[in-house]
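To start, the structure itself, in structure tokens.
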Amino acid sequence: MTEFPIALDFTTGGSHQGSTDSKRQASAGCMFCGMGGFATGLIQAGFAVDWANDNDEFACRAFQHRLPSVQLIEKDVRELSVGNDCLPTVDLLAAGFPCQSFSQAGSRRGFDDPRGALFYEIPRLIEEYRPQERPSLIVLENVPHLLYGADGRWFDQVRRALRRAGYWFREESCWTVNVKDVTNLPQDRERLFMVAASREQFSFNPFAPPELLNGSEAVTPSIDGFVDRKRRGDNDAYLPPDNRYYKMIDKAMSEGESDANIYQLRRSYVREKKENLCPTLTANMGIGGHNVPFVKDAWGIRRLSITEVARLQGFDGSEEFFPGMPVAEQYRLLGNAVCVGLARLIGKMCADIFSGEAVRDG
Ligand SMILES: C[S@@+](CC[C@H](N)C(=O)[O-])C[C@H]1O[C@@H](n2cnc3c(N)ncnc32)[C@H](O)[C@@H]1O
């Protein structure tokens, strides 16, 4: 799967009029990098990730442990500065900015929520670069509801900010995509990718969501390859029969379609995830109660392990990500991560744009 480095070929590619340096590895920077889902996918797609930023202590610890060669700036994004933090110019800027305020399940306060307003740090930082040094492509990741929320006003705000910063950007440059449909990961997780192209580098936005992937990545396997029921899990992963949720979950499992499915605890009920899929993994799945995914094995009812959750998010589950970190934090970081399989796919699409293979009429 790994194909790198991407040979950036600015001599082909129609109207992409970038650097005169004809062959070099494409570079990327990651804002809101978390534990590094986006960064990992981009590296797998052939990019060199030059720098990354997040302000969360645990996210930074995990990121640095996994990707030690990336320059990681641990600070509030509102204090991040091209000049003071010596951020080199990059070809692609990735930003999976906080989504709680745009999510249907969240506050829906959009840019009025301070977490939603962090989006504006992206154009603010980009505009610190001189126009010809700004990233050629910006790839934003968030929840699909951002497109429609507040009667389209949220999306309008994103569009205006990116255009003001010197980018081609419109609704047609957005891709709403489900992990289960385009990767080999059996997770039902719908996300929105928004790709903006620099007006300095392109004469139009060359990104277009694929109508049909040619099947290369999209073979949704069953959860059986991801959930290990043959081995006993850690003791603390099992629900004791006197736990207040045990009866609820046990009942749902015995009444459900199959107890080989994953069952997720919602606020006041248990939901069976059918079709051999894993439900959307969320940041709060590790703190008990809401959204915790449970499975049944020969030893009882247990939550998915860190390794299983990592694999379902596209990380190599054999890594030791989080030395000495509280387990709830580990689940939070994994639930927050951009799915590596999606990041790799979008990275490959951008790599094709850079190498001139994806240029279409605007
Ligand atoms: C959805 S997660 C990002 C996941 C990540 N992009 C990835 O590739 O896996 C959003 C991230 O924004 C970070 N964040 C929130 N507020 C921030 C701030 N003020 N400054 C920097 N990072 C912030 C959070 O710590 C969290 O890691």
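Residues in the range 41-59 include at least one that is of a type in the set (A, V, I, L, M, F, W, C), more than 12 Å from the ligand (Cβ to nearest atom) and under 15 Å from the mean Cα position of the chain (by Cα). Taking the numbered list (1) among the hydrophobic types (A, V, I, L, M, F, W, C); (2) modelled with pLDDT of 90 or more; (3) surrounded by fewer than 16 Cβ atoms within 10 Å (Cβ to Cβ) in turn, residue 213 passes all entries but (2).
Taking residue 236, is it farther than 26 Å from residue 146 by Cβ and either in the same structural domain as residue 138 (by TED's automatic domain parsing) or part of a loop (DSSP other than H, G, I, E, B) (or both)? Give the steps one after another, and end with the answer.
Values: farther than 26 Å from residue 146 by Cβ: yes; either in the same structural domain as residue 138 (by TED's automatic domain parsing) or part of a loop (DSSP other than H, G, I, E, B) (or both): no.
No: the conditions fail for residue 236.
Do we find that residue 140 is under 25 Å from residue 350 (Cα atoms) and out of contact with any Pro (no Cβ under 6 Å at 6 or more places or on another chain) in this structure? Considered against the rule, which asks whether it is under 25 Å from residue 350 (Cα atoms) and out of contact with any Pro (no Cβ under 6 Å at 6 or more places or on another chain), residue 140 comes out as yes. Every listed requirement among (1) crowded, with 21+ Cβ neighbours inside 10 Å; (2) more than 12 Å from the ligand (Cβ to nearest atom) is met by residue 86 save one, (1).
How many residues, within the range 169-208, are assigned to a strand (DSSP E or B), free of Cβ contacts under 8 Å to residues at least 40 places away in the same chain and among the hydrophobic types (A, V, I, L, M, F, W, C)?
Within the range 169-208, the first condition is being assigned to a strand (DSSP E or B), and the residues that meet it are 174-178, 187, 190-198.
Restricting the remaining residues to those that are free of Cβ contacts under 8 Å to residues at least 40 places away in the same chain gives 174, 176, 178.
Restricting the remaining residues to those that are among the hydrophobic types (A, V, I, L, M, F, W, C) gives 174.
Looking only at that region, the number is 1.
Does the range 149-161 contain at least one residue that is out of contact with any Ser or Thr (no Cβ under 8 Å at 6 or more places or on another chain), under 23 Å from residue 352 (Cβ atoms) and buried (at least 16 other Cβ atoms within 10 Å of the Cβ)? Looking through the range 149-161, none of the residues is out of contact with any Ser or Thr (no Cβ under 8 Å at 6 or more places or on another chain), under 23 Å from residue 352 (Cβ atoms) and buried (at least 16 other Cβ atoms within 10 Å of the Cβ). The number of residues in the range 102-123 being within 11 Å of the ligand (Cβ to nearest atom) and among the polar types (S, T, N, Q) comes to 1.
Only strands (runs of 3 or more DSSP E) whose full extent lies in the range 9-114 are considered here, and the ones with at least 2 residues that are at pLDDT below 95 are 23-25.
In the range 23-36, the residues that are in the same structural domain as residue 65 (by TED's automatic domain parsing) form Cβ pairs under 8 Å with partners that are within 7 Å of the ligand (Cβ to nearest atom) and charged (D, E, K, R), at six or more places apart or across chains, as follows: 32/54; 33/54; 34/54; 34/56.
Just to be sure, is residue 108 farther than 19 Å from residue 164 by Cβ, in the same structural domain as residue 343 (by TED's automatic domain parsing) and buried (at least 17 other Cβ atoms within 10 Å of the Cβ)? Break it down into steps so the answer makes sense when it comes.
On the way: farther than 19 Å from residue 164 by Cβ: yes; in the same structural domain as residue 343 (by TED's automatic domain parsing): yes; buried (at least 17 other Cβ atoms within 10 Å of the Cβ): yes.
Considered against the rule, which asks whether it is farther than 19 Å from residue 164 by Cβ, in the same structural domain as residue 343 (by TED's automatic domain parsing) and buried (at least 17 other Cβ atoms within 10 Å of the Cβ), residue 108 comes out as yes.
Working only within the range 325-358, note down all residues that are closer than 29 Å to residue 207 by Cα and over 17 Å from the mean Cα position of the chain (by Cα). Once the filter is applied, which keeps residues that are closer than 29 Å to residue 207 by Cα and over 17 Å from the mean Cα position of the chain (by Cα), the range 325-358 yields 351, 352, 353, 354, 355, 356, 357, 358.
With respect to the conditions (1) of a type in the set (S, T, N, Q); (2) over 27 Å from residue 25 (Cα atoms); (3) within 14 Å of the ligand (Cβ to nearest atom), residue 81 falls short on a single one, namely (2). Restricting attention to the range 277-292, the residues that are out of contact with any helix residue (DSSP H, G or I) (no Cβ under 7 Å at 6 or more places or on another chain) and modelled with pLDDT of 90 or more add up to 2. Answer yes if at least one residue in the range 143-155 is assigned to a helix (DSSP H, G or I), closer than 16 Å to residue 102 by Cβ, out of contact with any Phe, Trp or Tyr (no Cβ under 8 Å at 6 or more places or on another chain) and among the aliphatic types (A, V, I, L, M), and no otherwise. Yes; the residues of the range 143-155 include at least one that is assigned to a helix (DSSP H, G or I), closer than 16 Å to residue 102 by Cβ, out of contact with any Phe, Trp or Tyr (no Cβ under 8 Å at 6 or more places or on another chain) and among the aliphatic types (A, V, I, L, M).
The values are calculated or read from the model by the stated rules, or taken from the named source; none is laboratory data. Since we're looking at a predicted model, the values are computed, not measured. Note: ideal-geometry Cβ built from the backbone for every residue, glycine included; neighbour counts use all protein chains shown.
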